[in-house]
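Asker: The following block contains the structure, expressed as structure tokens.
Rule-based calculations on the coordinates, nothing more; no lab input. In this text, all values refer to a predicted model and were calculated from it rather than measured experimentally. Cβ placement follows ideal geometry from the backbone for every residue including glycine, while neighbour counts extend to all protein chains displayed.
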Amino acid sequence: MPTLFDPIKIGAIDAPNRIFMAPLTRTRATEGHVPTELMIEYYRQRAGAGLIISEATGISRHGLGWPHAPGLWLPSQVEAWKPVTEAVHRAGGRIFAQLWHMGRLARPDVTGMQSLSSGSARAPYAVPEKNPYDVPRPATLDDLRQVVDDYESAARNAIAAGFDGVQIHAANGYLIDQFLRDGVNDRDDDYGGSPENRIRLLREATERVIATVGAARTAVRLSPNGETQGADDSDPARVFIPAAKMLSDLGIAFLELRELSPEGTFGSSSVPKLSPQIRTAFAGPLVLNQDYSLAGAKADLASGVADAISWGRLFIANPDLVERFRDGAPLNTPDPKTFYDRGPEGYTDYPALEVA
């Protein structure tokens, strides 16, 4: 059976190990959503990952409603990403851009526009009396055509910026997830109702991205079990297993699942994980994520349910996570207070292992 340190073919990418860096919003871009010089060093430090999946990156002004998150719709953004990807490649790494439309979670105080969703239900917020989300506008067919166009444009821009591929963010309660789940999607048109209809936007966006950059450079992220940011489904297997089968038939490079557990630290759920069933429906590489210990990662690789594991918070605090895992070295502890700051503290200043 493979180990975490064995190479793996991921579409067009030959990854030297199966320790992937999960997408992580860090808010170090400018107010205009342009990557900064600080981000060059951050990603370069983590180039030892088998694959870096970038922080969620907006495909359009309308879809990016989070302060200081980067985008990929403007020439200035493309140009500012180039030194980031170049630094990763010079350090021997590989990096995919995660493409993001937030849907009803796009804050109007950031976008200056009413948000878009499958329906008109407002998203909840941790502090209800300070809820920054608005009541979204149900997407029209013209809106959805524009969204798919924006995925195409962002994917093309990502390759122009030097990324090795792209991952469509279809998880965590964002726009595509708002269409997948019947707890949010109450439409009665071709994008609502049956699982086949609710999968339609994911299929159309994926097909368009594949037509633009190729299936071997296209990945998808799903969060199939449990509620996340107000998005939930009454029967997740009924929609997510067909979604996985559809993505398998399209031949994408890999599928990543963020799966909740009852003991989860950043989100928890008693809804059973679907990875064993998705494993049978999806023929390509399957990457699993969320609260993995080293022992748990080894076990899921050995069982065959996963082909690689992605870590988020451990990569925040340990830029040399692969070496630490290989050597059995102690791990730095991530500091949540600096996750979304603006400067280098808690971003590029975590210590690396001392070389003897």
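Asker: Only loop residues by DSSP count here, and only those with at most 11 other Cβ atoms within 10 Å; note down the chymotrypsin sites (Phe, Trp or Tyr not before Pro) in the range 299-335 that meet that. Walk me through the numbers on the way to the answer.
Answerer: Details: sites: 311, 315, 325; in loops: none.
Here no loop site has a sparse enough neighbourhood.
Asker: Further question on the same structure: Report the full-extension gain for the segment residue 295 to residue 238: residue separation times 0.36 nm, less the Cα-Cα distance, to one decimal in nm. The partial results should precede the final answer.
Answerer: Numbers: separation 57, 0.36 × 57 = 20.52 nm, distance 3.08 nm.
Gain on extension, residue 295 to residue 238, equals 17.4 nm.
Asker: What is the range 296-356's relative contact order, in percent, from Cα pairs under 8 angstrom and six or more apart in sequence? Provide the component values of the computation, followed by the final result.
Answerer: Values: 43 pairs, mean separation 17.8, N = 61.
Contact order relative to length: 29 percent.
Asker: Could I ask something else about it? Any lysines with Cα under 28 Å of the residue 245 Cα? List them, leaving off those in the same chain fewer than 8 positions away.
Answerer: Candidates past the 8-residue exclusion: 9, 273, 298.
Asker: Moving to a separate point now. Pop out the ³J(HN,Hα) list for the range 195-205 in order, Karplus 6.51 cos²θ - 1.76 cosθ + 1.60 with θ = phi - 60°, rounded to Hz; leave Gly and Pro as x.
Answerer: The phi angles translate into x, 4, 6, 5, 7, 4, 5, 4, 5, 5, 5 Hz.
Asker: Here is a further query. Residues with amide H under 5 Å of residue 52's amide H, sequence separation 5 or more or different chain, H placed in the peptide plane at 1.01 Å from N; which?
Answerer: HN-HN under 5 Å from residue 52: 21, 94, 95, 96.
Asker: Label point 7 Å out from residue 326 along Cα-to-Cβ: which residues of the range 1-27 have amide N under 19 Å?
Answerer: Within reach of a label on residue 326, which here means backbone N under 19 Å from a point 7 Å along Cα→Cβ, the range 1-27 contributes 2-10, 14-22.
Asker: For an R0 of 45 angstrom, estimate the FRET efficiency from the Cβ-Cβ distance between residue 114 and residue 249 and round to the nearest 0.05.
Answerer: Working: r = 35 Å, r/R0 = 0.79.
So the FRET efficiency works out to roughly 0.80.
Asker: Let's test the formula: R0 of 35 Å, r as the Cβ-Cβ distance of residue 130 and residue 317. What FRET efficiency results, to the nearest 0.05?
Answerer: On the way: r = 29 Å, r/R0 = 0.83.
Computed FRET efficiency for residue 130 and residue 317 comes out at 0.75.
Asker: Right, here's the next one. Rounded to the nearest 0.05, what FRET efficiency do residue 141 and residue 216 give with R0 = 25 Å and r taken as the Cβ-Cβ distance? Could you check?
Answerer: Values: r = 31 Å, r/R0 = 1.22.
Taking R0 as 25 Å, the efficiency between residue 141 and residue 216 is 0.25.
Asker: Here's a follow-up. Could you give the length gained by full extension between residue 354 and residue 37, i.e. 0.36 nm per residue of separation minus their alpha carbon distance, to one decimal place?
Answerer: Details: separation 317, 0.36 × 317 = 114.12 nm, distance 2.53 nm.
So the extension gain works out to 111.6 nm.
Asker: Relative contact order for the chain using alpha-carbon pairs under 8 Å, separation at least 6, rounded to a whole percent?
Answerer: Values: 786 pairs, mean separation 60.4, N = 356.
With pairs under 8 Å counted, the relative contact order is 17 percent.
Asker: Residue by residue through the range 224-240, what is 3J(HN,Hα) from phi via Karplus (6.51 cos²θ - 1.76 cosθ + 1.60, θ = phi - 60°)? Round to whole Hz and write x for glycine and proline.
Answerer: x, 10, x, 7, 9, 6, x, 9, 8, 9, 6, 8, x, 4, 5, 9, 7
Asker: With Rg/Rh (Cα atoms, Kirkwood Rh) in mind, check [x] 0.94; [y] 1.13; [z] 0.99 and report the label derived from this structure.
Answerer: [x]
Asker: Now for a separate question. Pull out the extension gain between residue 277 and residue 79, defined as 0.36 nm times the separation in residues minus the alpha carbon to alpha carbon distance; nm, one decimal.
Answerer: 67.1 nm
Asker: I'd like the distance between the alpha-carbon centres of the range 179-198 and the range 282-322, rounded to an integer number of Å.
Answerer: 31
Asker: For the range 140-234, calculate the relative contact order in percent as a whole number, restricting contacts to Cα pairs under 8 Å that are 6 or more residues apart. Show your work: numbers first, answer last.
Answerer: Details: 117 pairs, mean separation 36.0, N = 95.
Averaging sequence separation for qualifying contacts and normalising by length gives 38 percent for the range 140-234.
Asker: Within the range 287-322, whose backbone N sits under 16 Å from a point 7 Å along Cα→Cβ of residue 265?
Answerer: Of the residues in the range 287-322, 289-297, 310-319, 321 have backbone N under 16 Å from the label point off residue 265.
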